[in-house]
Amino acid sequence: MPAEFYFGVEVFLNGLMTGVMYSLVALGFVLIFKASGIFNYAQGIMALFAALTLVGFQDGQIPFSHLINAIFGTEMHHFGWHLHTFFAILAALVVMIVFAWLVEKLILQHLVNQEPIILFMATIGLAYFMEGFGDLMWGSNVKKLDVGIPQGGNFWIEENTAFLGGEDFYGFYLDNLDIYATVIAAVLVIVLVIFSQYTKTGRALRAVADDHQAALSVGISLRTIWVIVWAIAGFVALVAGIMWGAKSGVQFSLSLIALKALPVLMLGGFTSIPGAIIGGLIIGVGEKMFEFLIGAPLLGGATENWFAYMVALVFLVFRPQGLFGEKIIERV
Amino acid sequence: MFYREAGEFKTSYRADQQTFPIRLDKIGFILSLFAAFFIIPITMSEYWAQAVFLPFLIFGIAAIGLNILTGYCGQVSLGSGGFMAVGAYSCYKFMTSFPDMNMLVCILLSGGVTALVGLIFGLPSLRIKGFYLAVATLAAQFFLVWMFNKVGWFYNYSASGQITAPERTLFGYVVTGAKAETVPVYFVCLGLLIFLALIARNLTRGAMGRKWMAIRDMDIAAEIIGVNPLRAKLTAFAISSFYVGVSGALLFALYLGAVEVGEAFSIQKSFIILFMIIIGGLGSIFGSLVGAAFMIGMPVILKNLLVSNLGWPGDIAAHLEFMIVGLMIIIFLILEPHGLAMLWSIIKEKLRIWPFAH
């Protein structure tokens, strides 16, 4: 077997891993879209904000220290203590739940019964607000996030696959972090499915997703459900934020993965959790393989920026509801 | 009491269908034109021209363009930045390939090229609707920016990958290149904005605009009453892209002078133009201009206030700007989904019946 082939396989595997990371973000979108019909553009910025908060708590940063310093002329930055990662994650989770409650209270409650596109634009506004707010609260410098997940290549896989190739083949390179992310994503999906299938709240959630008014008429509180859904989406955002933050540092570009999650969603369908996973895998593998086979040698590289969107665009022309989405029925 | 149509009698259909049927409106329009043509060019300083007036005029055109597509025809587009890049690069190619071509022709032709590109990316809108389309237009944004970055032909294989506007004159004045004078540039932008705004206004209240609005309100119902969705959507895409392309050409040739595509026409630009029309008012030409003025003016005012007067660091002002823009959008969507334009017509309505309640 030629070395090119093994390299291709490695690209394929790494594409799968990247796909899992996209799916993590896409999951948050699907959850909110299913339960409230809102296309939450702010999901990526929520991941960034969650990661920022986590790092802030870990390092004992003083919130808004830049602003306070600018107003009062003081020189404060840190409390001087470091919080254990576990407690920091818990604290960040609490912040995300409070955030969910505030979003419901201050924004969604006032926009009930508006058109979906208005709600979508409101979440774009929310994303802008959060972007400024997060930076103002924790500072805009690139931060390092370390939650104790080992990084770097996995030696076990490298050693045990080395025999496949010839002398110049040293085994497949897979990042430990990506492997962890895959496992965590799998656990997350299983937990979410169990939650929505077998618990009372989960059932209420699916009822709301099915029909708002019918759910209201059997006594399900729409507002509670929305808070719960946004809190779960916040939790998913936190997980995605931890993974992406550990991979590439906590910085603004983290929120741009939300843009990458959009074609994943379109491919998988907005309403399907398995769709988000499979869509993520297809996009992840697709863009890596396209870059490897066609983009880099023939088109000058960096095709990853647009490949996902083009695939989604072409795909949607033939199947407007995505792979697993519910069929769109329109009535006059 | 102050603003009413009482006492104004129209004796012909022509008079009845004019753009500003109420006398006060007409006076206001003429006064603002007078201010724009005579008072502002004399009084404006270089800083204000560069920071506020020129960007306002240029982005005003783009906002009108996007409003035709999103506000009137209901097709949300997040690809305006990419279409602006098409305008800019085709303007550059026209300028360098045909050095004798009139600058205005150059700009309008680049608008035409952008309209063609817009047509292509508008084709999927016949199958894809709503959010799906919004995301699909991102394909245009990212693909076009990538293409202008990678294909050397577009930037004439220059070493830096940038495009730089060569020097061109219009009516004897230098309007592009390093020696461009601000006042002639201002007049070119102003003239184009007024010309295009009047055309847009008349398009949107004519048969074509009615078709667009029918598609926006419900495309299936519109199809049943005889609106051809293919033609309505594609004309909206083409005309909207024409405006956005002209705006991109102006931004590159007359305002920035040199452009790096990933920076000047990033996705942020698409969002800013979208915000202009949300804040200004979806489905209103006047609203597009108000929104553009707001989105261009607000950061400048904020920066002057916080950085120059209070001495805060620039990055905090930038963060606050993000927060304020976000808040404004949410507040507008909650309180007044139709934007500043609607607020303005409510005020007019109030003025009309003042001092009575009804």
Quick check on the stretch B:321-332. Is at least one of its residues assigned to a helix (DSSP H, G or I), charged (D, E, K, R), surrounded by fewer than 21 Cβ atoms within 10 Å (Cβ to Cβ) and more than 12 Å from every other protein chain (Cβ to nearest Cβ)? no
Which members of the stretch A:58-86 meet the condition of being under 25 Å from the mean Cα position of the chain (by Cα), surrounded by 14 or more Cβ atoms within 10 Å (Cβ to Cβ) and in a helix (DSSP H, G or I)? A:GLN58, A:ASP59, A:THR85
Only one of A:ALA261, A:ALA276, A:ALA296, A:ALA302 is farther than 26 Å from A:GLU4 by Cβ, within 12 Å of chain B (Cβ to nearest Cβ) and either surrounded by 24 or more Cβ atoms within 10 Å (Cβ to Cβ) or without any contact (Cβ under 8 Å) to a residue 60 or more places away in the chain (or both); which? A:ALA261
For the stretch B:258-268: of the residues being surrounded by 23 or more Cβ atoms within 10 Å (Cβ to Cβ) and within 14 Å of chain A (Cβ to nearest Cβ), which is nearest to the chain's Cα centre (by Cα)? B:PHE265
Hey, could you check the stretch B:66-85 for residues that are under 16 Å from B:LEU123 (Cβ atoms) and out of contact with any Ser or Thr (no Cβ under 6 Å at 6 or more places or on another chain) and say which is nearest to the other protein chains (Cβ to nearest Cβ)? B:GLY82
Could you tell me whether B:LEU119 is surrounded by 14 or more Cβ atoms within 10 Å (Cβ to Cβ) and within 12 Å of chain A (Cβ to nearest Cβ)? no
I'm trying to understand the selection: among the residues of the stretch B:201-217, which are within 14 Å of chain A (Cβ to nearest Cβ) and loosely packed, with under 15 Cβ neighbours inside 10 Å? B:ASP217
Residue list for the stretch B:35-73, filter: under 30 Å from B:THR137 (Cα atoms) and out of contact with any Leu (no Cβ under 9 Å at 6 or more places or on another chain): B:ALA51, B:VAL52, B:LEU69, B:CYS73
Meets criteria (of a type in the set (Gly, Ala, Ser) and within 12 Å of another protein chain (Cβ to nearest Cβ)) for B:GLY287: no
Residue in the stretch B:143-174 that is nearest to B:ALA115 (Cα to Cα), counting only those that are crowded, with 22+ Cβ neighbours inside 10 Å and of a type in the set (Phe, Trp, Tyr): B:PHE148
Matching residues in the stretch B:306-317 - criterion: being facing chain A (nearest Cβ under 8 Å) and either assigned to a helix (DSSP H, G or I) or in contact with a Ser or Thr (Cβ under 6 Å, 6 or more places away or on another chain) (or both): B:ASP315, B:ILE316
Those residues of the stretch A:1-33 which are of a type in the set (Gly, Ala, Ser) and touching a Phe, Trp or Tyr at 6+ places or on another chain (Cβ under 7 Å) amount to A:ALA3, A:GLY8
(1) over 16 Å from the mean Cα position of the chain (by Cα); (2) surrounded by 21 or more Cβ atoms within 10 Å (Cβ to Cβ); (3) assigned to a loop (DSSP other than H, G, I, E, B): which one isn't true of B:LEU282, the others all being true? (1)
With A:GLY15, A:GLY44 as the choices, which residue is farther than 24 Å from A:ILE107 by Cα, part of a helix (DSSP H, G or I) and touching a residue at least 12 places away in the same chain (Cβ under 8 Å)? A:GLY15
Take the stretch A:78-133 and flag every residue that is within 14 Å of chain B (Cβ to nearest Cβ) and hydroxyl-bearing (Ser, Thr, Tyr). A:THR123, A:TYR128
Enumerated helices (runs of 4 or more DSSP H) restricted to the stretch B:78-165, each holding at least 3 residues that are among the hydroxyl-bearing types (Ser, Thr, Tyr): B:80-97
The stretch A:240-260, residues that are in contact with a helix residue (DSSP H, G or I) (Cβ under 6 Å, 6 or more places away or on another chain) and either under 23 Å from A:SER196 (Cα atoms) or not hydrophobic (A, V, I, L, M, F, W, C) (or both): A:ALA240, A:GLY241, A:GLY245, A:LYS247, A:SER255, A:LYS260
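Could you please let me know if B:LEU192 is away from chain A (no Cβ under 14 Å), assigned to a helix (DSSP H, G or I) and exposed (fewer than 14 other Cβ atoms within 10 Å of the Cβ)? I'd like the intermediate steps shown before the answer.
On the way: away from chain A (no Cβ under 14 Å): yes; assigned to a helix (DSSP H, G or I): yes; exposed (fewer than 14 other Cβ atoms within 10 Å of the Cβ): no.
Spelling it out, it is not the case that B:LEU192 is away from chain A (no Cβ under 14 Å), assigned to a helix (DSSP H, G or I) and exposed (fewer than 14 other Cβ atoms within 10 Å of the Cβ).
FYI, it's all coordinate maths here, none of it is from the lab. Please read these numbers as outputs of a predicted model, since none were measured by experiment. When we count neighbours, we look across all protein chains shown, and the Cβ atoms used for this are built from the backbone with ideal geometry, even at glycine.
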